[in-house]
Amino acid sequence: MYNYKSSEYGWYYSEKGTIMGNSCAIQQKGMKNMIKAGIIGSTGYAGAEIVRLLSQHKEAEVVWYGSRSYIDKKYYEVFQNMFQIVDAKCMDDNMEELANQVDVIFTATPQGLCASLVNEDILNKVKIIDLSADFRIKDVATYEKWYGIEHKSPEFIKEAVYGLCEINREQVKNARLIANPGCYPTCSFLSIYPLAKEGLIDMSTVIIDAKSGTSGAGRGAKVNNLFCEVNENIKAYGVATHRHTPEIEEQLSYASGEQVLINFTPHLVPMNRGILVTAYAALKKKMTYEEMKAVYDKYYNDEVFVRVLDKDVPPETRWVEGSNYVDVNFRIDERTNRVIMMGAMDNLIKGAAGQAVQNMNIMFGLDETMGLMQVPMFP
């Protein structure tokens, strides 16, 4: 029995072997096998969505369902929707062992865990797509200030690629370590990016109002997320202190070529999933609808997952739910010479798991859309 990895793609080739004790695979010698994925944090909302997406992927399979809370419990016993689909047991978060047995590791974990586990030896063996904020922000002091923890592996921050696929596709292709963007930053940035990149808005005037479903807070038990606390209510939170603020500012600074400070206010709304962003900025010059639409089309015409809507059609979360799509649009307010930029997406798909799988596809030279062409669900 033998296993080895292709140096180009990291795919396994085997004659006969078992995979992590969870399943068996018998292949002809030299036959290309699936990309093998391990997930640390597979029983959180984002981790569960990675499992769901990869269960329908033609070229990848999950062989390690990491979950510190459910070790030795069958995965479908945690998520009954996976009954007769995933029979494997949950395992621990031993990244050292995992790196020897898979091609890519997804870390869908709280801030600080991935940074505490990753090292040079692991990165030489396997690609890592981290869904936490550990490698998104390039300045260590800024990360530690906003997240309130010490960064355990700052030596990898410079190398990590910010995995916003539509913007950093070429860098993603050769990356060992991907910092999967946050949900609010993804929707905010894609809504604003074309006008920021073209220098058409005054970046000192950017205000972002965002709303998210409760799944954005994670699966942990919290009083503020109980049904009676959330239902029939909407509230602002993290006002002037939300930790996605520096991430949005950093990415808008790269796009515009100037230092950006924003007002960002998120709100919690009583729905399971979805993000709606409404952003405002002053225009540097008068523009017609046709001129501004041409700018958005310049950047997004060839992007499968960013849909620029028809004139006067505002994005809605219900039309992107369960999909990797981001719907964006804009409205020029001639009276104030401001532009209102809008975006809607599923926070668990394009805002987390879908974007992670999209990054994986790019890293392994696959069709970027593979496993991600689910039509949005309605109702």
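The values are calculated or read from the model by the stated rules, or taken from the named source; none is laboratory data. Just so it is clear, the structure is predicted and the values come from calculations on it, not from any experiment. Glycine gets a Cβ as well: all are built from the backbone with ideal geometry, and neighbour counts include every protein chain shown.
Tabulated data for the structure shown
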| item | result |
| --- | --- |
| Residue ID - farthest from the chain's Cα centre (by Cα), chosen from residues in segment 293-304 that are aliphatic (A, V, I, L, M) and in a helix (DSSP H, G or I) | ALA294 |
| Sole exception among (1) without any contact (Cβ under 8 Å) to a residue 60 or more places away in the chain; (2) among the charged types (D, E, K, R); (3) touching an Asp or Glu at 6+ places or on another chain (Cβ under 7 Å); (4) in a helix (DSSP H, G or I) for GLU150, by number | (4) |
| Per-region count, segment 176-206, residues surrounded by fewer than 24 Cβ atoms within 10 Å (Cβ to Cβ) and polar (S, T, N, Q) | 2 |
| Set LEU276, LEU268: member being surrounded by 13 or more Cβ atoms within 10 Å (Cβ to Cβ) and within 18 Å of the chain's Cα centre (by Cα) | LEU276 |
| Check on ILE178, in contact with a helix residue (DSSP H, G or I) (Cβ under 6 Å, 6 or more places away or on another chain) and either closer than 30 Å to LYS284 by Cβ or hydrophobic (A, V, I, L, M, F, W, C) (or both) | yes |
| From GLY365, GLY351, GLY343, residue being at pLDDT 95 or above and at positive phi | GLY365 |
| Helices (runs of 4 or more DSSP H) contained entirely in segment 34-147, each with at least 2 residues that are loosely packed, with under 15 Cβ neighbours inside 10 Å and either aliphatic (A, V, I, L, M) or touching a residue at least 12 places away in the same chain (Cβ under 8 Å) (or both) | 140-147 |
